[in-house]
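For reference, the structure is listed below as structure tokens.
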Amino acid sequence: VDLTRTLGARGQAAAGMVNAVLRKAAAFEGWADLPPQPLPDWLRGPLVDAYGDAVMQAIEAAHQQGAPLDLTLKPGAPPVPGAEALPTGSWRMTGPAQVSTLPGFEAGDWWVQDAAAALPVRLLDPRPGERIADLCAAPGGKTLQLAAAGARVTAVDISEGRLRRVTENLTRCGLTADLVAADVLDWRPEAPFDAILLDAPCSATGTIRRHPDLPFIRDGHGIAELIELQAALLDHALTLLRPGGRLVFATCSLIPDEGEVQVAEALERHPGLTVERPDLPGIDPTWITEEGGLRLRPDYWSDRGGMDGFYMARLRTPS
């Protein structure tokens, strides 16, 4: 309506009609009965090649359902009323909720984090006192997880603005981490880390449940450059580990070139690098990929409301 009003006299005259049409559309009760909207060809084609048409239809159906609100609780924090426990350790609200008014928000007992997004840290298995880097850390859910586990965390992100959000969440939750605003590719710590979490920049195609406009405002341009960046970040991150250290590589993408292929090619580039297969509560064995990573899709847990699409793998450097 606001955009219509910017179109001059005719727009001003049409604003009332546009408002009425949009209200009618919003009140239409048959949306849920419509078939899922297919993804555009630039994304649907590669995903059908990767997963098959039946799986693609299930993913599109999951996108249509939207995303529930998931929470990660600090160790020892009480469950939030109206939330149910998920098999992997996250909690999911069973109905609509206003985040800032939920019990435990002001006390910092929990933070919002999709159940799939919480798994990379659980796969990394942080231990108290370990020196751990969270690379490309913002908005900070994984930094909070690492800090809550008792690790000594260094969170690195190129955006100072996004790191301010991490600081706000750390303060609310009573947790601490060292925050560094830097380009990860140019950054090197004073001493190597015991473990690293690299949640690399990606196409974000695993988050379409939350951002349904994403595949329609993009055309696939730039993904090749993202893949090159991911490989460079992974190679650099491995140099920041102590011998025998571990690294979890993760992307919130459905595209295998940003996940399974990245890890397979990293194993070829780095002799002695190995993948440690996931052994986590709530993980279906069918989610484990051939190279030993973990592939999550929106159609998993369809009876519970699904999950974001993710890929992750835990790598171990030679001792």
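The values are calculated or read from the model by the stated rules, or taken from the named source; none is laboratory data. Everything numeric in this text was worked out from a predicted model, so none of it was measured. Every residue, glycine as well, gets a Cβ built from its backbone with ideal geometry; the counts of neighbours run over all protein chains shown. SASA here: full protein model, heavy atoms, side chains in, ligands and nucleic acids out. Shrake-Rupley method; radii C 1.70, N 1.55, O 1.52, S 1.80 Å.
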Members of the stretch 2-18 found to be surrounded by 12 or more Cβ atoms within 10 Å (Cβ to Cβ) and either of a type in the set (K, R) or not in a helix (DSSP H, G or I) (or both), listed by number: R5, L7
query: How many residues are of a type in the set (A, V, I, L, M, F, W, C), closer than 17 Å to A182 by Cβ and in contact with a helix residue (DSSP H, G or I) (Cβ under 7 Å, 6 or more places away or on another chain) if we restrict to the stretch 124-157?
result: 8
task: Could you tell me which numbered condition G309 fails, if it satisfies all but one of (1) out of contact with any Ser or Thr (no Cβ under 7 Å at 6 or more places or on another chain); (2) closer than 17 Å to P46 by Cβ; (3) modelled with pLDDT of 95 or more; (4) not aliphatic (A, V, I, L, M)?
output: (1)
Residue that is most open to solvent (accessible area, probe 1.4 Å), among those in the stretch 262-309 that are part of a strand (DSSP E or B) and under 16 Å from L247 (Cβ atoms): T274
message: For the stretch 194-211, give me each residue that is assigned to a loop (DSSP other than H, G, I, E, B) and either without any contact (Cβ under 8 Å) to a residue 40 or more places away in the chain or hydrophobic (A, V, I, L, M, F, W, C) (or both).
response: A200, C202, A204, I208, H211
Residue under evaluation D199, criteria (1) touching a strand residue (DSSP E or B) at 6+ places or on another chain (Cβ under 8 Å); (2) surrounded by fewer than 19 Cβ atoms within 10 Å (Cβ to Cβ), criterion not met: (2)
message: Let me spell it out: the conditions are (1) surrounded by 17 or more Cβ atoms within 10 Å (Cβ to Cβ); (2) in contact with a Pro (Cβ under 8 Å, 6 or more places away or on another chain), and R162 meets all of them except one. Which number is the exception?
response: (1)
field: Meets criteria (open to solvent by 40 Å² or more (accessible area, probe 1.4 Å), aliphatic (A, V, I, L, M) and touching a helix residue (DSSP H, G or I) at 6+ places or on another chain (Cβ under 8 Å)) for I208
entry: no
- request: Might you let me know whether the stretch 56-71 holds any residue that is under 28 Å from Q37 (Cβ atoms), free of Cβ contacts under 8 Å to residues at least 40 places away in the same chain, open to solvent by 50 Å² or more (accessible area, probe 1.4 Å) and not assigned by the TED database to the domain that holds L254?
  value: yes
query: Of the residues that make up the stretch 19-41, is at least one more than 25 Å from A204 (Cβ to Cβ), at pLDDT 95 or above and open to solvent by less than 80 Å² (accessible area, probe 1.4 Å)?
result: yes
query: Looking only at helices (runs of 4 or more DSSP H) that fall completely inside the stretch 83-193, which ones have 1 or more residues that are without any contact (Cβ under 8 Å) to a residue 24 or more places away in the chain?
result: 160-173
message: Just the residues that are more than 11 Å from A137 (Cα to Cα), of a type outside the set (K, R) and under 12 Å from the mean Cα position of the chain (by Cα), please, taken from the stretch 176-210.
response: C202, S203, A204, T205, G206, T207, I208
